[in-house]
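**Student:** Take this structure first; my questions come after.
The values are calculated or read from the model by the stated rules, or taken from the named source; none is laboratory data. Because the structure is a prediction, the values reported are computed rather than measured. Ideal geometry is used to build each Cβ from the backbone, glycine not excepted, and the neighbour counts take in all protein chains shown.
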Protein chains: 2
Amino acid sequence: MKRSFIREILEHTNNNTISFAGGLPNAKLFPIEQLKKSAQVVLDDTSSLQYGNSTGYEKLKEKIAKLYSDDGFFTTSSNILITSGSQQALDIISRFNSNKNITIETLSYLGAMNVFNLNNMDINTINLQDDGCDIKQFKQSISKTKLAYIIPDFQNPTGISYSDKKREQIASIIKDTNSLVIEDSPYSEIYFEKKFESISQKIPKNSYHLGSFSKVLAPSLRIGWIRADEKLLEPLIAYKEAMDLHTNGLSQFILNNYLEDINEFENHKNKIRKIYSKKMQIFCNFLDEVLPQFEYIKPKGGMFVYGRLEGINTKELVNKCLKDDVLFVPGVEFYINNIKEDEIRFNFTNSTPAQIFKGLNIIKSLIKE
Amino acid sequence: MKRSFIREILEHTNNNTISFAGGLPNAKLFPIEQLKKSAQVVLDDTSSLQYGNSTGYEKLKEKIAKLYSDDGFFTTSSNILITSGSQQALDIISRFNSNKNITIETLSYLGAMNVFNLNNMDINTINLQDDGCDIKQFKQSISKTKLAYIIPDFQNPTGISYSDKKREQIASIIKDTNSLVIEDSPYSEIYFEKKFESISQKIPKNSYHLGSFSKVLAPSLRIGWIRADEKLLEPLIAYKEAMDLHTNGLSQFILNNYLEDINEFENHKNKIRKIYSKKMQIFCNFLDEVLPQFEYIKPKGGMFVYGRLEGINTKELVNKCLKDDVLFVPGVEFYINNIKEDEIRFNFTNSTPAQIFKGLNIIKSLIKE
């Protein structure tokens, strides 16, 4: 099995590295004082350190359910399975569906593709357009595979979001073909204009909706979840249990305590949206100035700008950049087939304007070499 | 897939339940003040909340390696892979060895058997004797399977420990047959008389040694590890990464900080040994008094007393006990074949003397019904 390019290079970065590579949230925005306070409170109770339930800490499940219900997507704690990050959520679902077929977007999240391969799934790819996947291809593919994995909000790596129309179409097709969709939503809360309504909300009995606190709060806590109909969730519990008994209890208790002040969480998300939106704007301005040949569509949320440096082999380019402590992810990493060699995914959340300017100029100089 | 009896009943206990079931450490012994202090210190540094390396936090790996080296088993951080509890360690190794054969003890740890089944392994069982497994059977079995899973120290569920002689024999056989052993050691530090030398130490190139902080420190932190030769560890990293990216960072940082005061950790372990030893003695005294027909061997460490109530179907018994809020695990749960229906595993670490007395008397009264 191949390791992820992103995870491997993460292990070779140092304090001088300018990284546009990983989907790292900006550490300066972690609500560290509040989490510290929560840690103190929950560590007054020994149950925060004891074994817990395989499905997750009940109070946290209730709070996550309430976040959905408040958004108009009726959900109770029995619809929630807490996982060790949404990476594990993907593993649990695909392990349960091992040896089956799955429809995914081209390009797609590397960690998902790894897990589908690990579970010996037969992957069928469909094209992405500027407003979501190719509906005709989706219909053809899902009719056969009966299971799809998509990232409709600020997709990783492309930054693309599905239009409202395509969301309706996808939901109808899933329902009509009696299929299931895994809707991965790590970036949904990081919108710069508006929040999209999930596809899962339209088809609650045919969907696994994956959420995570990694991008909006803190990744090291490794708390993600699956929101699904109880009937879909039930067979997954034995898998979760066999895989790691239960998700980290201390993190669950801390997050539960943190979420008790829902205004604090809302303010925090608003702050992130504002700052990331500004960072995206700065990144795009520098891109236009320093690398005007880079073709891209400005994202409406999330953490990435994806585009094309016509005719440049970006895998070769990143290997040169590595030596000068600049990193990005070449597009080839996100393809299974029909690989395009001149594409790049830039992360814009984790660098200062000075780093962006310096980093892009280093890339520019190495293109010319 | 079947869920674990223990995990399922754990979800049905309440504050009045007298539980001799799970392998729950005694919450009163968690070093909660020290962990609280550590949480405060590490939350001054945002890296405790950021994404981390798939193999684990380097400083923590170094500290775990040092614990081995100090015990005379030379180990560096590159021999350590941090996992989300040793349950995940078992899953990673058996996933890498999926569809292969494995030799295990009869009886064995339920969570391990679940994971071997999940990974479609063909399980071959060998008998346990009072001083470890049947060596003749072990030799025959491992010659075919080339991989074994054993728990030599205060075995779960039987409480049995391997003699020094059998440890030497097992190591020789593993080496001579060019096989591998997964040595699971969650209870090794909870000894009442002496610490056993691991089998892995005798065959460092042929062993995966699994350790955990769940039993000696706090289970909710979900920090376990695999200690193995680099060549054995290397292919596992891609699995770990695909499964959950990396283990909870905050827990790793907290434990790393806690372990900086190694005397504190040593004192804590000594305290646990002393108190659990006393609890075991009390439990056995009450057993002899209340249920004199219960046949067992007094354990020399760990968390369990295992034995036999001749002629009693203990699965039926526990279902009656459940209604009176008393729990234990019937032996049948730990068997794959040749099931004995009149055996029980009692956990002795998590109840007060009054609870033990009351609980055993309830069991006694329900036996007579």
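**Student:** Please go through the range A:1-28 and pick out each residue that is more than 17 Å from A:PHE346 (Cα to Cα), facing another protein chain (nearest Cβ under 9 Å) and at pLDDT 75 or above.
**Tutor:** Selection gives A:ALA27, A:LYS28.
**Student:** Another question, then. If we scan the range A:342-351, do we find a residue that is under 20 Å from A:TYR162 (Cα atoms) and of a type in the set (Ser, Thr, Tyr)?
**Tutor:** No: zero hits.
**Student:** In addition: Kindly provide the set of residues from the range A:133-161 that are among the β-branched types (Val, Ile, Thr) and closer than 23 Å to A:GLU343 by Cα, ordered by number.
**Tutor:** A:ILE150, A:ILE151, A:THR158, A:ILE160
**Student:** Of the residues B:GLU316, B:GLU310, only one is touching a residue at least 24 places away in the same chain (Cβ under 8 Å) and more than 18 Å from B:ASN26 (Cα to Cα); which?
**Tutor:** From the options B:GLU316, B:GLU310, the qualifying one is B:GLU310.
**Student:** Given (1) crowded, with 24+ Cβ neighbours inside 10 Å; (2) part of a helix (DSSP H, G or I); (3) facing chain A (nearest Cβ under 9 Å), where does B:HIS246 come up short, assuming only one miss?
**Tutor:** (2)
**Student:** Every residue in the range A:249-289 that is within 13 Å of chain B (Cβ to nearest Cβ), out of contact with any Gly (no Cβ under 6 Å at 6 or more places or on another chain) and more than 18 Å from A:PRO31 (Cα to Cα), please.
**Tutor:** Within the range A:249-289, none qualify.
**Student:** Only residues that are at the interface with chain B (Cβ under 7 Å from one of its Cβ atoms), closer than 20 Å to A:ARG273 by Cα and outside any loop (DSSP other than H, G, I, E, B): list them for the range A:29-52, please.
**Tutor:** Result: A:ILE32, A:LEU35.
**Student:** Here's a follow-up. Among the residues of the range A:278-298, which ones are more than 20 Å from A:GLY331 (Cα to Cα) and basic (Lys, Arg)?
**Tutor:** Selection gives A:LYS278, A:LYS279.
**Student:** Which pairs have Cβ atoms under 7 Å, sit 6 or more apart or on different chains, and link a residue in the range A:89-118 that is closer than 25 Å to A:VAL329 by Cα to one that is at pLDDT below 95 and aromatic (Phe, Trp, Tyr)?
**Tutor:** A:THR106/A:TYR335; A:LEU107/A:PHE334; A:LEU107/A:TYR335; A:SER108/A:PHE334; A:LEU110/A:PHE334
**Student:** I'd like to know if the range B:190-204 contains one or more residues that are touching a residue at least 12 places away in the same chain (Cβ under 8 Å) and within 21 Å of B:TYR57 (Cβ to Cβ).
**Tutor:** No - not one qualifying residue is present in the range B:190-204.
**Student:** A:LEU110 - would you say it is more than 17 Å from the chain's Cα centre (by Cα), hydrophobic (A, V, I, L, M, F, W, C) and within 30 Å of B:ASN97 (Cα to Cα)?
**Tutor:** Criteria not met by A:LEU110.
**Student:** Continuing with the same structure: Just one of the numbered conditions (1) touching a strand residue (DSSP E or B) at 6+ places or on another chain (Cβ under 9 Å); (2) more than 23 Å from B:THR177 (Cα to Cα) is not true of B:VAL216; which one?
**Tutor:** For B:VAL216, the exception is condition (1).
**Student:** If you don't mind, there's one more thing I want to ask. When you go through A:THR13, A:THR103, A:THR55, A:THR75 one by one, which is the residue that is in a loop (DSSP other than H, G, I, E, B) and within 24 Å of A:GLY302 (Cα to Cα)? I'd like the intermediate steps shown before the answer.
**Tutor:** Values: A:THR103 fails: in a loop (DSSP other than H, G, I, E, B); A:THR55 fails: within 24 Å of A:GLY302 (Cα to Cα); A:THR75 fails: within 24 Å of A:GLY302 (Cα to Cα).
From the options A:THR13, A:THR103, A:THR55, A:THR75, the qualifying one is A:THR13.
**Student:** Just need a number here: residues in the range A:58-88 that are within 14 Å of chain B (Cβ to nearest Cβ) and small (Gly, Ala, Ser).
**Tutor:** Counting residues in the range A:58-88 that are within 14 Å of chain B (Cβ to nearest Cβ) and small (Gly, Ala, Ser) gives 5.
**Student:** Does A:GLU105 satisfy the criteria of being more than 9 Å from every other protein chain (Cβ to nearest Cβ), buried (at least 24 other Cβ atoms within 10 Å of the Cβ) and at negative phi?
**Tutor:** yes
**Student:** For the range A:218-256, name all the residues that are without any contact (Cβ under 8 Å) to a residue 40 or more places away in the chain and under 29 Å from A:ILE272 (Cβ atoms).
**Tutor:** Narrowing the range A:218-256 to residues without any contact (Cβ under 8 Å) to a residue 40 or more places away in the chain: A:220-221, A:231, A:234, A:238, A:242, A:251.
Those that are without any contact (Cβ under 8 Å) to a residue 40 or more places away in the chain and under 29 Å from A:ILE272 (Cβ atoms): A:SER220, A:LEU221, A:SER251.
**Student:** Something else now. Of the residues B:SER214, B:SER200, which is in contact with a His (Cβ under 6 Å, 6 or more places away or on another chain) and buried (at least 21 other Cβ atoms within 10 Å of the Cβ)?
**Tutor:** B:SER200
**Student:** A further question follows. For the range A:222-242, enumerate the residues that are at the interface with another protein chain (Cβ under 10 Å from one of its Cβ atoms) and assigned to a helix (DSSP H, G or I).
**Tutor:** Passing the criteria: A:LEU236, A:ILE237, A:ALA238, A:TYR239, A:LYS240, A:GLU241, A:ALA242.
**Student:** Test A:ASP164 against the stated conditions and say whether it is touching a residue at least 60 places away in the same chain (Cβ under 8 Å), within 20 Å of A:SER188 (Cβ to Cβ), surrounded by fewer than 24 Cβ atoms within 10 Å (Cβ to Cβ) and out of contact with any strand residue (DSSP E or B) (no Cβ under 9 Å at 6 or more places or on another chain). Step through it out loud before you land on a result.
**Tutor:** On the way: touching a residue at least 60 places away in the same chain (Cβ under 8 Å): no; within 20 Å of A:SER188 (Cβ to Cβ): yes; surrounded by fewer than 24 Cβ atoms within 10 Å (Cβ to Cβ): yes; out of contact with any strand residue (DSSP E or B) (no Cβ under 9 Å at 6 or more places or on another chain): yes.
No; evaluated as a whole, the condition is false for this residue.
**Student:** Are any of the residues in the range B:182-195 part of a helix (DSSP H, G or I) and either at pLDDT 95 or above or within 14 Å of chain A (Cβ to nearest Cβ) (or both)?
**Tutor:** Checking the range B:182-195: not a single residue is part of a helix (DSSP H, G or I) and either at pLDDT 95 or above or within 14 Å of chain A (Cβ to nearest Cβ) (or both).
**Student:** Does B:SER214 satisfy the condition of being of a type in the set (Ser, Thr, Tyr), modelled with pLDDT of 95 or more and outside any helix (DSSP H, G or I)?
**Tutor:** So B:SER214 fits the description; yes.
**Student:** Which condition from (1) within 14 Å of chain B (Cβ to nearest Cβ); (2) over 28 Å from B:ASP244 (Cβ atoms) is the one that A:PRO292 breaks?
**Tutor:** Condition not satisfied by A:PRO292: (1).
Every residue, every condition in (1) out of contact with any Phe, Trp or Tyr (no Cβ under 6 Å at 6 or more places or on another chain); (2) buried (at least 23 other Cβ atoms within 10 Å of the Cβ); (3) not hydrophobic (A, V, I, L, M, F, W, C), yes or no:
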{"site": "B:LYS298", "(1), (2), (3)": "yes, no, yes"}
{"site": "B:PHE304", "(1), (2), (3)": "yes, yes, no"}
{"site": "B:LYS315", "(1), (2), (3)": "yes, no, yes"}
{"site": "B:LYS320", "(1), (2), (3)": "yes, no, yes"}
{"site": "B:ASN337", "(1), (2), (3)": "yes, no, yes"}
{"site": "B:ASN347", "(1), (2), (3)": "no, yes, yes"}
{"site": "B:ALA354", "(1), (2), (3)": "yes, no, no"}
{"site": "B:PHE357", "(1), (2), (3)": "no, no, no"}
{"site": "B:LYS368", "(1), (2), (3)": "yes, no, yes"}
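**Student:** Filter the helices (runs of 4 or more DSSP H) completely within the range B:249-360 down to those with at least 2 residues that are among the charged types (D, E, K, R) and at pLDDT below 95.
**Tutor:** Correct list: B:314-323.
**Student:** Just one of A:SER161, A:SER198, A:SER141 is part of a helix (DSSP H, G or I) and of a type in the set (Ser, Thr, Tyr); which is it? It would help to see each step written out before you state the result.
**Tutor:** Values: A:SER161 fails: part of a helix (DSSP H, G or I); A:SER198 fails: part of a helix (DSSP H, G or I).
Of the residues listed, the single one that is part of a helix (DSSP H, G or I) and of a type in the set (Ser, Thr, Tyr) is A:SER141.
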